[in-house]
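Heads up, the thing below is written out as structure tokens.
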2 protein chains.
Amino acid sequence: MGPEFHFQVVKACPTTKARAGLLSTPRGVVPTPAFLPVGSQGAIKTLTPDEIKDTGAKMILSNTYHLSLRPGVETVARLGGLHHFMGWYGPILTDSGGFQVFSLGRLCQVKEEGVLFRSHLDGRPLFLGPEEAVALQEALDGDLAMVLDQCPAWDEDRETVRQATERTHRWAIRCLESHRSPHQALLGIVQGGVFPDLRRESARFIASLPFFGYALGGLSLGEPKEVTYAVAEETAAHLPWERPRYLMGVGSPEDLVEGVAWGIDLFDSALPTRVARNGSLFTRQGRINVDNAPFKEQDKPIEENCDCYTCRRFSAAYLHHLFRSQELLAYRLATIHNLRFVIRLMEEMRASIMEGTFPTFRRDFLAVYRLTREETRQEQKAKWLENRRSREIRF
Amino acid sequence: MGPEFHFQVVKACPTTKARAGLLSTPRGVVPTPAFLPVGSQGAIKTLTPDEIKDTGAKMILSNTYHLSLRPGVETVARLGGLHHFMGWYGPILTDSGGFQVFSLGRLCQVKEEGVLFRSHLDGRPLFLGPEEAVALQEALDGDLAMVLDQCPAWDEDRETVRQATERTHRWAIRCLESHRSPHQALLGIVQGGVFPDLRRESARFIASLPFFGYALGGLSLGEPKEVTYAVAEETAAHLPWERPRYLMGVGSPEDLVEGVAWGIDLFDSALPTRVARNGSLFTRQGRINVDNAPFKEQDKPIEENCDCYTCRRFSAAYLHHLFRSQELLAYRLATIHNLRFVIRLMEEMRASIMEGTFPTFRRDFLAVYRLTREETRQEQKAKWLENRRSREIRF
């Protein structure tokens, strides 16, 4: 990590733990709190880099697992690295690939050296250890990189979680030792499941290592929302104030607002883009499904005061028609709206922190938005059931 | 049709029958020869109106059949007409809906009054006569509208084609008589199958009616390319010089170049966009399939001197990756390239007509492009077989 990487808290909320910061990388400065759109396969689904920029996103996330299977990190490296390959020249955060590998369930086997798994594309056996995760990310040439961690299911027993957390700690050291690139900053990951003492211990241990920033892993995996909230808030409080904090895999509007209140600086999630492709669109009143009959002849945009390209150019009726007709344009326009919604939300939260009005903003937002909590809960349950199923069959 | 509609031949090629013109409508002027991208369901598949404009397209085609089934022309009319509905404010040509109805095969029955058919969406029985076709198009509020014609399969016997052609003539008169909108210009359609005398007769009859322009229907339906060429060239020669001529459903690069040489001014086809979504991309050397292995690490664009957004921003390797990964962005970027390719081809042909060098342009283009003729032939055959199949089962 070179000297171009730094992080600065520029303003803190006097009431909550929220803070506004500036995260600098050689490829650009990211005002925080920030939301990172997810580009699993070298593209934010349906969008061009120019459109991503238009949503206000300053940094994106790319999945090392997907890219290492296809087209392969060697190919990306030969083509000049990830930025040139996908045409996004702002900062990129790469994950370690571990989360996707653990999601394979029966197709993966964890050992001290690393994880043995099979490609979901062609079944060939592969190996990912801490050193490999670092090397893959160095080859992709992203700006922020993540350590390899072992992420247990949220409802795993305490002993299993303890072992996974301790292995995560040993792997964190190995990642730090093998990381060489001066053009990339490495972030550590706190595990510990839903057990407060394991989380505290993990936060203390990971924070003692010289990472550029610290992430909260293993959350929002299907556990009840109250548990996510309690664990994330408690863990964030144990991370060093002067370093960026990253809550992985969180991206529903209500969770973003809560996360900022606990002092989180970075978030990523495929949720806004994934639900968009199902016609589920964010508004300040909660989610709406544009596929539904009431929108058939609504000549107004999805949200009247939204400044996204979709709302500036098209009626809800047109989106409704495109979804009903299964036109690919539907998925694009919906994706643009949801991304702009969450990124504008981050911008407004940052502005309110700067102005000292974040607690009011938070209260007002949640008072109106809370309506759709139930919907979110159902999706969490579906995710939880899916995670359980995949764990039942082993390698 | 109001006085804002006019057409002017501004320059003619002294050797071939090619001509450069200006087609004026209340919503804009279209330099001809011109290619119209096809938006079946109120959208050029995958693209926004802004992107269509960026390809250089000045006029687009919309399908009355699709829009009348979904969302329904009443809905489009209540939402302010097709332009406002889809956000495209340039000229729009609507077809009559007849071609799609006849393509339904067993689901349609032709009578003198019109065509009885069933919706391909829900099977409900519907009726389309000349007056209905005109009324639907008036409600959609496109700028150019087409008469309802009866389009027989290309290999139908002479007597069937003769009857269809005569019915087309009677329907043309009924369309003219029922057309009222001063904001819309109506075009007649010549039929006559592959029979030169029937074509001549039809051209003479249709040209005797006071249409704004004249179209060649019933071609490029799977007949051998030599037949399409001979019939289209012969028929075009019988149409009035001072009126726009439109060759319906033609859009492969080599056919566009030939069509211009016969004096055609307007073309439309879903071919450039449809093959794009299969990864088949136009280059001056012929079509390439970007999905193929040679493109995996090609860090250059699809075509080096192409000025389309895709070629300016992305490598062939990235497109290859997106197609292999089935990312929706692949279909967009390929569509943009192929549309820009055919529209730039039209622009270059027009420039060469203005400069008096069209015969050289045509010769040079076809000398290099002809390589892929075989590929096109296979697609024609597939189309022809499909047409046959659908005709075998009747209402």
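Taking trypsin sites (Lys or Arg not before Pro) as exposed when their DSSP state is a loop state and no more than 11 other Cβ atoms lie within 10 Å, the longest site-free interval of chain B runs over B:181-393. Each listed q (0.14 Å⁻¹) maps to a log10 I(q)/I(0) for segment A:276-374, found by the Debye formula over equal Cα scatterers with no solvent: -0.54.
Closest approach of a chain B Cβ to the axis relating B and A (residue, whole Å): B:Leu328, 3.
The loop-placed GluC sites (Glu not before Pro) in segment A:59-122, going by DSSP, that have at most 10 neighbouring Cβ atoms within 10 Å of their Cβ come out as A:Glu112. Taking a point 7 angstrom from the Cα of B:Asn305 along the C-beta vector, which residues in segment B:246-287 have backbone N less than 12 Å away? The answer is B:284-285.
Label points for A:Lys17 are taken 7 Å from Cα along Cα→Cβ. From this copy to the others they lie 8.0 nm apart, shortest first. Amide hydrogen proximity for A:Thr283: with H placed 1.01 Å from N in the peptide plane, the residues at 5 or more positions away or on another chain lying under 5 Å are A:Ile288.
For segment A:6-270, carbon and sulfur atoms together expose 54% of the accessible surface, with a 1.4 angstrom probe and every protein chain in place. Computed from backbone phi, the HN-Hα couplings of segment B:137-145 come to 6, 5, 5, 5, 6, x, 8, 10, 10 Hz, rounded to whole numbers (Karplus: 6.51 cos²θ - 1.76 cosθ + 1.60, θ = phi - 60°; Gly and Pro given as x).
Summary of the geometry: segment B:1-57 and segment B:141-200, compared by the centres of their Cα atoms, lie 22 Å apart. Phi angles of segment B:48-53 translate, via the Karplus equation with coefficients 6.51, -1.76, 1.60 and θ = phi - 60°, into HN-Hα couplings of 8, x, 5, 5, 4, 4 Hz per residue; Gly and Pro are given as x.
The helix-only estimate of mean residue ellipticity at 222 nm for chain A, built from DSSP H runs of length n ≥ 4 each weighted as -39500 (n - 2.57), is -13500 deg cm²/dmol after division by the residue total.
Classify segment A:94-146 as rounded, prolate or oblate from the Cα gyration tensor: take a ≥ b ≥ c as the square roots of its eigenvalues, call it rounded if a/c is under 1.5, otherwise prolate when a/b beats b/c and oblate if not. Working shown, then result.
On the way: a/c = 2.06, a/b = 1.67, b/c = 1.23.
Here segment A:94-146 falls in the prolate category.
The H on the amide N of A:Ala185, modeled in the peptide plane, is under 5 Å from the matching H of A:Leu144, A:Ala145, each at least 5 residues off or on a different chain.
With the cut-off at 14 Å, report for segment A:63-135 the share of all Cα pairs above it, as a whole percent. It would help to have the intermediate numbers written out before the result.
Values: 1616 of 2628 pairs.
Tail of the P(r) past 14 Å holds 61 percent of the pairs.
Label points for A:Glu166 are taken 7 Å from Cα along Cα→Cβ. From this copy to the others they lie 9.6 nm apart, shortest first.
If you place +1 on the Cβ of every Lys and Arg and -1 on the Cβ of every Asp and Glu, how big does the dipole about the Cα centre of segment B:6-270 come out, in debye to the nearest 20? Before the final figure, lay out the partial values.
Values: 25 positive and 32 negative charges, 79 e Å.
My answer is approximately 380 debye.
Take the Cα of A:Glu112, step 7 Å toward its Cβ, do the same at A:Glu348, and the gap between the two points is 5.3 nm. Placing a label point 7 Å from Cα along the Cα-to-Cβ direction at A:Lys111 gives distances to the equivalent points in the other copies of 7.8 nm, listed shortest first.
With contacts defined as alpha carbon pairs under 8 Å and 6 or more residues apart, what's the relative contact order of segment A:238-374 in percent? Don't skip to the end; give the middle numbers.
Working: 175 pairs, mean separation 34.3, N = 137.
Relative contact order of segment A:238-374: 25 percent.
Taking 7 Å steps out from each Cα toward its Cβ at A:Ala237 and B:Leu209 produces label points 8.2 nm apart.
Let a ≥ b ≥ c be the square roots of the eigenvalues of the Cα gyration tensor of segment B:115-247; is it rounded (a/c under 1.5), or, if not, prolate (a/b larger than b/c) or oblate? Oblate, since a/c reaches 1.5 and b/c is not below a/b.
Each residue of segment A:75-83 was assigned a 3J(HN,Hα) from its phi angle through the Karplus curve 6.51 cos²θ - 1.76 cosθ + 1.60 (θ = phi - 60°); the sequence is 4, 4, 5, 5, 8, x, x, 4, 4 Hz, with glycine and proline shown as x. Sites listed here are GluC sites (Glu not before Pro) in segment A:250-335 whose DSSP assignment is loop and whose Cβ has at most 14 other Cβ atoms within 10 Å: A:Glu304.
So if the hydrodynamic radius of segment A:246-316 is defined as the Kirkwood radius over C-alpha pairs, what does Stokes-Einstein give as its diffusion coefficient at 20 °C and 1.002 mPa s, in µm² per second?
Values: Rh = 13.5 Å.
Estimated diffusion coefficient is 158 µm²/s.
Taking amide H atoms as placed 1.01 Å from N in the peptide plane, the amide H of B:Gly97 lies under 5 Å from those of B:Thr64, B:Tyr65, each 5 or more residues away in sequence or on another chain. Mean partner shielding of peptide A:321-332, defined as the number of other chain Cβ atoms within 10 Å of each residue Cβ, is 6.
Taking every pair of distinct Cα atoms and averaging 1/r, then inverting, what Kirkwood hydrodynamic radius in Å comes out for chain B?
Values: mean 1/r = 0.0469 Å⁻¹.
Evaluated on chain B, it is 21.3 Å.
Of all DSSP beta bridges confined to chain B, the antiparallel ones make up roughly 50%.
In terms of its C-alpha gyration tensor, segment A:180-253 comes out prolate, because a/c is 1.5 or above and the ratio a/b outweighs b/c. The lysine pair tally for chain B, using Cα distances under 20 Å and a gap of 8 or more places or different chains, is 6.
The values are calculated or read from the model by the stated rules, or taken from the named source; none is laboratory data. Please read these numbers as outputs of a predicted model, since none were measured by experiment. Positions of Cβ are backbone-derived with ideal geometry, glycine not excepted, and every protein chain shown enters the neighbour counts. SASA here: full protein model, heavy atoms, side chains in, ligands and nucleic acids out. Shrake-Rupley method; radii C 1.70, N 1.55, O 1.52, S 1.80 Å.
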